[in-house]
Amino acid sequence: MGRYSRLRAIQRMDPARDYEEIFRLLTRYEFPWDYQQGVSVAFLRDFGVPRISRLLDRTQEFEKAGQKRYDDTVLFAYEMAVDGFGSARGQAAARHLNRIHGKYRIPQQDFRYVLATTVVGPKRWLERFGWRPLCANELAALALVGHRMAEAMGIEGAPRTMEGFEELLDSYEAEMFAYDPANHRVANATFRVMAGWYPAPLRTLVGRATLALLDEPLLRALGFPVQPAWLRSLAASAVRARSALLRLGPARPRWRPARFAPRSYPFGYTLDDLGPAWAQSRPLEPLPGTGTGTST
């Protein structure tokens, strides 16, 4: 398979119909590592909003079980999308996630913003560091996946286009980004998790490089200093060098899709394992508008 064969196949697809297949090709073949980095940055953006970080700080989920909280967030998205949002598996994941969120009084505005970070975060990372630009069909598919996830979770007013998600994110952050001690505590706990993925001698360097890749408004909201220009340039150059090497290499083989390996579940997991302990083994709430629920 040629390096751009999948891109040409995606350009022939109809994103309104094939958005799930395009999303699968993007996240498991074309940009698996970069997409995951974009999601990680999206994760951090949520902490720049005091109303969100204070809730997360009260739950202590990141301080007590940060790796599991990170893994569960990724796995919920995977479970909802892997067989299609309308599948029994996707609907069960949405019900379980809704039940967890239902314990807290979370404004719809915050739900929309957190969703927007997961759409716009990977898009903007790939714009900066992807081994090739995203095509129009890929951008449309990412937005439609976000919209479909909103429908599955009962989130009202979610956009259907990338432009809509970007406008939502930028306007929300302009209004809501502000420093709060809770922002810093939750972000620190998350950085400790991320640093733990690397050998001990590299953790400080990786932490500084991660900060160097974040934008100034986010750093200030999290209470971290803006990194020196030389470090920002070096960190960005290192990621772009990786992309340049990928561009020259072969395409990922069809038989070897990228797979997320959750550190919290080395021997596998069930849907009931995801989320805090209090949410396990409880009756599942029905999806909005369906009137009935199906146990898993």
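The values are calculated or read from the model by the stated rules, or taken from the named source; none is laboratory data. Bear in mind the structure is a predicted one, so any value in this text is a computation, not a measurement. Quick reminder, even Gly has a Cβ in these numbers, built from the backbone with ideal geometry, and neighbours come from all protein chains shown. Quick note on the areas: whole protein, heavy atoms, side chains included, nothing else; ligands and nucleic acids left out. Shrake-Rupley method; radii C 1.70, N 1.55, O 1.52, S 1.80 Å.
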Practice task
Work out the length of the dipole vector of the stretch 104-234 about its Cα centre, built from +1 on the beta-carbon of each Lys and Arg and -1 on the beta-carbon of each Asp and Glu, and round it to the nearest 20 debye.
Solution key: 660 debye
Fill in the blank from the handout: Per the helix-only model, the chain has a calculated mean residue ellipticity at 222 nm (DSSP H runs of ≥4, -39500 (n - 2.57) each, divided over all residues, rounded to the nearest 500) of -20000 deg cm²/dmol
Problem - Filtered trypsin sites (Lys or Arg not before Pro), the stretch 171-267: DSSP coil and at most 14 other beta carbons within 10 Å - result: 254, 259, 263
Completion exercise
For Kirkwood radius over Cα pairs in Å the list reads (1) 21.8; (2) 20.7; (3) 20.0; the calculated value is entry (3)
Completion exercise
Whole-percent carbon and sulfur contribution to the accessible surface of the chain (1.4 Å, no ligands, DNA or RNA) stands at 56 percent
Fill in the blank from the handout: Within the set 22, 106, 52, GNM on the chain using Cα springs under 10 Å gives the largest fluctuation to 106
Problem - Accessible area (Å², per residue) of the chain, counting only protein heavy atoms and a probe of 1.4 Å - result: 50 Å²
Problem - Alpha carbon centroid spacing (whole Å) that separates the stretch 147-178 from the stretch 1-74 - result: 15 Å
Exercise for the section: Select from the stretch 9-43 those trypsin sites (Lys or Arg not before Pro) which occupy a DSSP coil region and have at most 10 other Cβ atoms within 10 Å, ordered by residue number. Expected result: 12
Completion exercise
Sorted by accessible surface (1.4 Å probe, heavy atoms of the protein chains only), largest first, 147, 96 come out as 147, 96
Completion exercise
Checking 181, 253, 276 against a Gaussian network model of the chain (alpha-carbon springs below 10 Å), the top fluctuating residue turns out to be 253
